1. On each of the three principal axes of the Cα atoms of region E:168-284, give max minus min coordinate, whole Å, ordered largest first.
2. Would you mind computing Rg(Cα) / (2.2 N^0.38 Å) for chain C, counting N as its residues?
3. Holding the Cα-Cα limit at 25 Å, pick out from E:Lys180/E:Lys248; C:Lys210/C:Lys322; C:Lys95/E:Lys42; B:Lys119/B:Lys144; B:Lys19/E:Lys209 the pairs that are longer than that.
4. Give me the distance between the Cα centres of region A:13-47 and region C:150-188, rounded to whole Å.
5. Mind pulling up the Rg/Rh value for chain A? Radius of gyration and Kirkwood radius, both on Cα.
6. Under the rule of at least 5 residues apart or a separate chain, name every residue whose amide H is placed under 5 Å from the amide H of E:His23.
7. Which helices of chain C meet both criteria: a Cα extent of 18 Å or more along the helical axis and a mean Kyte-Doolittle score no lower than 0.5, with helices taken as whole DSSP H segments?
8. Which of D:Leu102, D:Leu66, D:Leu16 ends up with the largest GNM mean-square fluctuation for chain D, with Cα atoms connected below 10 Å?
Amino acid sequence: MTNEQLKEKVLSLYSGAQIAEGKQLLTVTVPAEELYSLAKKLKESDDTAFDYLMCLSGVDYPTNLGVFYHITSTKYNHSIALKTTTADRVNAEVDSVYSLWKSAEYHEREVYDLLGIKFTNHPDLRRMFLDDDWVGHPLRKDYSDPLNIIER
Amino acid sequence: MNVIGYISSIFKGVISLLKGMKVTGSYFFRPWTVVTQKYPENRKTLVMYERMKGEIVMPHNANNEHKCTGCGICEINCPNGTIEVISKQIQTEEGKKKRIIDKHIYRIGMCTFCGLCVKTCPSNALAFAPNFEHAVFNRAKLTKVLNQEGSVLEKGVE
Amino acid sequence: MNFNIYDFTSFNQWIDNYLYTSLSPFWALIVEMTIIGLVFLTGYALVGLFLVYLERKVCALMQNRIGPNRVGPFGLFQTIADLIKLLLKELISIKQADKLLFNLAPFIVIIASFLCIAAIPFAKGLHAMDFNIGVFYVMAVSSMGVVGILIAGWSSNNKYSLIGAMRSGAQIVSYELSVGLSLITMVVLAGSMQFSTIVEAQSDGWFIFKGHISSVIAFIIFMIASTAETNRGPFDLAEAESELTAGFHTEYSGIKFAFFFLAEYMNMFIVAAIAATVFWGGWMPLHIGGLDGFNHVMDFIPPFVWFFGKTFVIIFLMMWFKWTFPRLRIDQLLTLEWKYLLPINLLNVLLMALMVLMGWHF
Amino acid sequence: MNQDALILFFIVAVFLVGFAIVFAYIVAPSSVNPQKSEAYECGIPTKGITWLQFNVGYYLFAILFLIFDVETVFIFPWAVVMKQMGMVGFIEICIFFFILILGLLYAWKKHALIWE
Amino acid sequence: MVEEVQNKIDTEEEYTINMGPQHPSTHGVLRFVVSLKGEIVKNVQPHCGYIHRGIERMCEKLTYQQIIHLTDRMDYLSAHINNAAVCLTVESALDIEVPERVKYIRTIIEELNRIASHQLWWCAFGMDLGGLTCFFYGLRDREKILDIFEESTGGRLIQSYNCPGGLMNDIHPNFQQKVKDFIKYFRKVLPEYDQLLTGNVIFQERTKKVGYISKEEAINYGLTGPSGRGSGFACDVRKRAPYHMYDKVNFKEILYTEGDTLARYKVRIDEMWESMNIIEQLIDNIPEGDFAVKMKPIIKLPEGEFFQRVESARGELDVFIVSDGNKNPYRVKFRSPNLVNLSAINIMSKDQKIADLVAISGSLDLVIPCMDR
């Protein structure tokens, strides 16, 4: 499917989606609570068949926390980026997509570790790289560690 | 498992093992194919590639002149603070004030050999040198001053 | 044919007589024992050190490297330097280990290999013991070494060692059989279990030629099984370094580790020596029927040169195996024994018996 | 030489190992460090007991080994006197081996020769 | 969950053992907490982060040129491909078309890098299975590639040869001849690899039907690179989303459908052949021209999100850059193929033996610094 068709398809699945046309990919912004159902529809719908999660990244925006899902279809070779944000920085919660793409397990653990976004329904949400008793989430912009980070 | 398959599997297995032994055996009986270099002994004849990123040096010509104007672009471009340019103000013969380098400090222990300083230097004052024997007993010796004692800026370099 | 020019029986007899005539019987015995003990001890250590050097050099050449070349000419003294280093290394004892068994294990592996050496005929009349059940004795004693490995692994109180020990247990329950049965094949041909008789019986042709097909099969099986018995080559599961870090000797350090190391090489020497004795005629020179001149020249090469020559050729084979093949997995180890080696071996014994009865051998 | 040598070799071997270990204890340096005397498990402290009942997958093999090893011991005397016994001995051993191989085949068919 | 596994007192049935961080078969500092029943693996919990250096955080403080040298240190065995990934992202964000010559050189060096990486993997895999000789043969041949790299780029393992807009400097005049010599040599040597290991009956037994993962599972777990292609998952980014010269050269995507360790092994061996084919198509036709386009000293990406996929030697490496218009990226994310491939190890090694676990983790070709970043 071309980006145009994808755009229509996504809007037909969830009309509230904000779609921005990026350089390569469509970026579909949806609220956190709608993300899982849209992703599920996109994966299971026969003409989209997004069955492969390429990348899952968290971003710390000045006001909110965002999660990007780059998904592609191995059948049609079209890709799309889903984006969701949560304004709650202390208890940021997004639904886990583990049940759709198992590769999300480690990606989500990584995002949880470094950005502190909790993924509900994740089977084993704990820190990935850092110690379990580590305080803070290093990829947040307000994180500071005078011992290990030297500011220039 | 039938008997023929059983026996043929034995033969196939043995033949595959013999093939492997042929490879190692052929190298054993051809000792002149050995590729090892005897490193400290061949130091005299060892030629490194000219572009090898061994360390960063500041080439000086025969008159003990270098090209570094002390602009500090290398310091800005260095990703991890390897280079520090300490400059000083001097009075030229014409009476003008001019900044020249006092010390060009290079901490090889922190260098990642990304090459940005060499590439961005506007006057080509820095270069890579193929020296690789950097082991020292004291870490302080890894901090080097690149401009030689008493060296001056080459004529014509601004 | 005259291959008695290098008969050591009279030499031994002479020393024996000299000692007994010049000393009281008790002291004569003590002196004789001391001499023999020292000779074998020196030989044992020298062979062990040389084998370690040889292995490093052989594997280096197979891997397109030079190998040890710094200490002494061609690195010949490298292993001596290693030995001195190992002697001066700290012996770390593990807190939770079973101290008694932990220290006992190196003794057992060395005793097992040392006792085996006693039965090997190096030349005519040059052996410590000439049992009438020599083959049987070697089989019995050599399997003791695996017990040492088992003890070492168990007593270390380390999970890696434990797995290694259990694997060596699996090896002992399997490859013992094949070693035994392949030797039985040759005993059938020789009609004796005494090493001296077996060697004498090969004066007109080595057993590997005499028993042709059957002997060759037995030899191949013996090589495979004995490689497994000595925990070497593709069968080094007990110490599989990529899986179990170092397996049963993970916790051993310094000279205690060195003894496991030494025992491994000596076991290799022993099985190679037995293979040389039983299959390749021991210290018997190579004779080709009809070529008297050639045979005469062969006779002038001393028997222990023949013996060591054959042994080292077989050792080289074992090293070749080790440095070519990847390691087997534990279940494949057992499959190889029970589904391949054992049935073939049983049939091979029958074939050999039939050949001997019908006189099909040479 | 005779069988006395067995004792001799035993003593020499014990002497070799014992002397070297005692020598090493005397000359080798030693330092006390609680970390050093821990069992090695890739740098992580061992959890739980190590001397546990190990689930070996070769239990059946061990039993089979017992049978076959005893048979090997029986075959040795036969092998020595095979020539004197002649055809009778051969036929007897054939029957013996037939039963053995039958047993092995049975175990094979029953999937006892699979490591689990 | 790992704590649960660890704290559970070892019973007669199951016990846990730590493989790593200091273990020969994890090729670095990865830790597997393995639950065993006898020799059978019941559960594997990987623990990573032992060399987490915070590269993504460091990137947020650096300019786009300065990021390049950090990517070298991620997957150091395919350093050039990592460099190219960042450069491609920046170039596509700025709509810069690099000269043809740069594309050719980048493709050739990337393929050489892929061969070098697969060679090292072959050494290490042979060693994992206990065949030590492989290690030396593989390294011997890899040296030749590293020499080629060193002559042109100045670095052996990590080159930092790419920069946004092109290359740091032009290739050495000897480059083409040396590459051709290497390919001639390696075509002769590569069959030896097969004789030594691939055909070997022990090796076949060790790898066949070990660590099976189906195509559906592979897609679901995001298993990419040779590991995914061993299961029949056509995940080669060079085909799916071509970059550099890959849409202009003829090469086939290596696919095996067995999904076991042997299939993953064969994919890599065949990829070495295929990489040589690609290089041979390009090496003689490198066009003349500049080795870089003139870039501003300070690169500023427009505001927005940029995503680039490349095929590294281990799988799909994705670079995701969020820019706020400054000279520093706002957020950089690297999708490490190793980390994603690792997530499948638990299902792959279930009910296999310890020796198989080593073989499986070897066949995934994990590079720990890439995983931890």
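Every read-out reported here was derived from the displayed coordinates using simple, explicitly stated rules and does not represent laboratory data. What you see is a predicted model, and the numbers here were worked out from it, not measured in a lab. Positions of Cβ are generated from backbone atoms using ideal geometry, with glycine treated the same way; all protein chains shown enter the neighbour counts.
1. The principal-axis extents, from largest down, are 47, 35, 24 Å.
2. 1.03
3. Those over the limit are C:Lys210/C:Lys322; C:Lys95/E:Lys42.
4. 62
5. Radius of gyration relative to Kirkwood radius: 1.00.
6. Sorted by chain and number, the residues that satisfy this are E:Gly28.
7. Once both thresholds are applied, what remains is C:25-62, C:99-118, C:159-190, C:212-229, C:254-278, C:303-322, C:342-358.
8. Highest fluctuation among the options: D:Leu16.
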